[in-house]
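**Student:** First the structure, which I've put down as structure tokens, then a few questions once you've had a look.
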Amino acid sequence: MSNNFLSRRAALQNMALGLSAWSTTSWLPSLVTAAAETGNKPKSVILIWLNGGPATIDLWDLKPGNKNGGPFQEIETQVPGMKISEHLPSLAKQASDFSIIRSMSTREGDHSRARFVTMTGYTPQGAIKFPALGSLVANEFNVENDIPSYVHIGGQPTVSGGGFLGPQFAPFVVGGRSRRRGPDSSDLKVADLAPASAEQQAERLQLQAGLKSLSTLPASLVTETLDSSRDRALRLMNPKAASVFDLEQEEASLREAYGRSSFGQGCL
């Protein structure tokens with residue numbers, strides 16, 4: 001790891017997690033043109049998953065005056081012509097900073113199946129284990145960093161594994177629920193990730209190499225995967241790497257602004 005270590009937020013923002021979805025639809029040239037004009041290329045993606053969140057007709061598409069409309073009223077936003085729910089006044093003031101994609105749809109009526117389609121791009125197909133979006137991106141860029149390329153924050157992941165790509169592309173889970181924490185806990189530290197000194201890390205790596213040299217068995221996909229996972233875990237035991245996930249480094253006022261819940265602190 002470089003001595004020029006980034007701050008917790010800067011390190012997270014510069015994770016090797018990029019945009020991997022491409023399309024041949026008519027709007028792709030517009031995206032390419034816009035990227036060329038701004039000179040910016042996305043280097044990271046943050047997906048905030050609202051599992052079981054409010055219906056679209058209560059938030060973004062209220063359909064006033066229609067039988068299939070929602071019970072709430074529309075309000076104007078910062079963007080002319082864009083109207084959203086009356087319960088989102090703060091977002092209305094920041095409408096120029098986000099886009100609402102209204103073309104997404106699915107025929108899946110079951111929430112779990114629809115979640116699977118959204119996260120993988122496929123419908124559930126028996127024994128085939130499809131990788132989630134984060135795993136696909138981590139595999140595509142496959143950058144070796146002390147910070148994992150794919151991080152899942154808050155709660156145990158349901159549809160987010162590496163699938164047929166292998167467990168080495170599964171997410172690094174931060175703040176997963178346990179018997180010691182309630183479902184709404186704001187403690188999102190990495191479980192069992194106590195900092196290790198440089199001497200301890202060196203001793204562990206030496207022990208690992210010694211045990212590996214004694215083995216007469218040929219390498220397999222399973223052992224290679226275990227080696228990869230072990231190497232990642234050892235790199236994360238570096239105090240500087242572990243500090244990336246330490247919310248105590250943030251100002252108390254900022255943590256309060258996000259809300260002292262697992263969701264709010266996870267967003268931070």
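**Student:** Out of all the residues in the range 113-141, which are in contact with a helix residue (DSSP H, G or I) (Cβ under 8 Å, 6 or more places away or on another chain) and of a type in the set (V, I, T)?
**Tutor:** T120, T123, I128
**Student:** Taking only the range 105-115 into account, find how many residues are closer than 14 Å to T158 by Cβ and either among the hydrophobic types (A, V, I, L, M, F, W, C) or part of a loop (DSSP other than H, G, I, E, B) (or both).
**Tutor:** First, pick out the residues of the range 105-115 that are closer than 14 Å to T158 by Cβ: 110-115.
Those left that are additionally either among the hydrophobic types (A, V, I, L, M, F, W, C) or part of a loop (DSSP other than H, G, I, E, B) (or both): 110, 114.
Residues meeting the conditions: 2.
**Student:** Could you run through the range 58-108 and say how many residues are farther than 24 Å from C267 by Cβ and among the hydrophobic types (A, V, I, L, M, F, W, C)? Break it down stepwise before answering.
**Tutor:** So in the range 58-108, the residues farther than 24 Å from C267 by Cβ come out as 62-71, 73-74, 76, 80-81, 83, 103, 105-108.
Still in the running and among the hydrophobic types (A, V, I, L, M, F, W, C): 62.
The total comes to 1.
**Student:** Looking at the range 222-268 only, could you name the residues that are at pLDDT 80 or above, under 16 Å from H152 (Cβ atoms) and among the small types (G, A, S)?
**Tutor:** If the condition is that a residue be at pLDDT 80 or above, under 16 Å from H152 (Cβ atoms) and among the small types (G, A, S), then S262, G266 are the ones that fit.
**Student:** Which condition breaks for P148 when tested against (1) in a loop (DSSP other than H, G, I, E, B); (2) over 24 Å from the mean Cα position of the chain (by Cα)?
**Tutor:** All conditions are met except number (2).
**Student:** If you don't mind, there's one more thing I want to ask. Pull out all pairs, ordered by first then second residue, where Cβ-Cβ is under 7 Å, the residues are six or more apart or on different chains, the first lies in the range 246-268 and is assigned to a helix (DSSP H, G or I), and the second is surrounded by 11 or more Cβ atoms within 10 Å (Cβ to Cβ) and of a type in the set (S, T, N, Q).
**Tutor:** These pairs meet every condition: L247/Q265; Q249/S243; R255/Q265; Y258/Q265; S262/S185; S262/S186; Q265/S186.
**Student:** Something else about it: From T118, T158, grab the single residue that is out of contact with any strand residue (DSSP E or B) (no Cβ under 7 Å at 6 or more places or on another chain), in contact (Cβ under 8 Å) with a residue 12 or more places away in the chain and not in a loop (DSSP other than H, G, I, E, B). Steps first, answer last, please.
**Tutor:** Details: T158 fails: not in a loop (DSSP other than H, G, I, E, B).
Among T118, T158, only T118 is out of contact with any strand residue (DSSP E or B) (no Cβ under 7 Å at 6 or more places or on another chain), in contact (Cβ under 8 Å) with a residue 12 or more places away in the chain and not in a loop (DSSP other than H, G, I, E, B).
**Student:** From the residues in the range 78-91 that are in a loop (DSSP other than H, G, I, E, B) and among the aliphatic types (A, V, I, L, M), which one is farthest from R102 (Cα to Cα)?
**Tutor:** Here is the first cut: in the range 78-91, the residues in a loop (DSSP other than H, G, I, E, B) are 78-82, 86-88.
Next, only the ones that are among the aliphatic types (A, V, I, L, M) stay: 79, 82, 88.
On the way: V79: 16, M82: 12, L88: 18 Å.
Taking the candidates together, the pick is L88.
**Student:** Is the range 96-110 home to any residue that is farther than 14 Å from T56 by Cα, under 25 Å from the mean Cα position of the chain (by Cα) and surrounded by 17 or more Cβ atoms within 10 Å (Cβ to Cβ)?
**Tutor:** Looking through the range 96-110, none of the residues is farther than 14 Å from T56 by Cα, under 25 Å from the mean Cα position of the chain (by Cα) and surrounded by 17 or more Cβ atoms within 10 Å (Cβ to Cβ).
**Student:** Identify, please: which residue in the range 49-64 is exposed (fewer than 10 other Cβ atoms within 10 Å of the Cβ) and in contact (Cβ under 8 Å) with a residue 24 or more places away in the chain and is, among those, farthest from F116 (Cα to Cα)?
**Tutor:** Result: G52.
**Student:** Additional query: Return yes when I75 is at pLDDT 85 or above, in a loop (DSSP other than H, G, I, E, B), surrounded by fewer than 16 Cβ atoms within 10 Å (Cβ to Cβ) and aliphatic (A, V, I, L, M) and no when it is not.
**Tutor:** Working: at pLDDT 85 or above: yes; in a loop (DSSP other than H, G, I, E, B): no; surrounded by fewer than 16 Cβ atoms within 10 Å (Cβ to Cβ): yes; aliphatic (A, V, I, L, M): yes.
Spelling it out, it is not the case that I75 is at pLDDT 85 or above, in a loop (DSSP other than H, G, I, E, B), surrounded by fewer than 16 Cβ atoms within 10 Å (Cβ to Cβ) and aliphatic (A, V, I, L, M).
**Student:** Conditions: (1) modelled with pLDDT of 90 or more; (2) closer than 30 Å to G161 by Cα; (3) of a type in the set (A, V, I, L, M). V117 meets all but one. Number of the miss?
**Tutor:** Result: V117 passes all but (1).
The values are calculated or read from the model by the stated rules, or taken from the named source; none is laboratory data. Since we're looking at a predicted model, the values are computed, not measured. Virtual Cβ from ideal backbone geometry, glycine too; neighbours counted across all protein chains shown.
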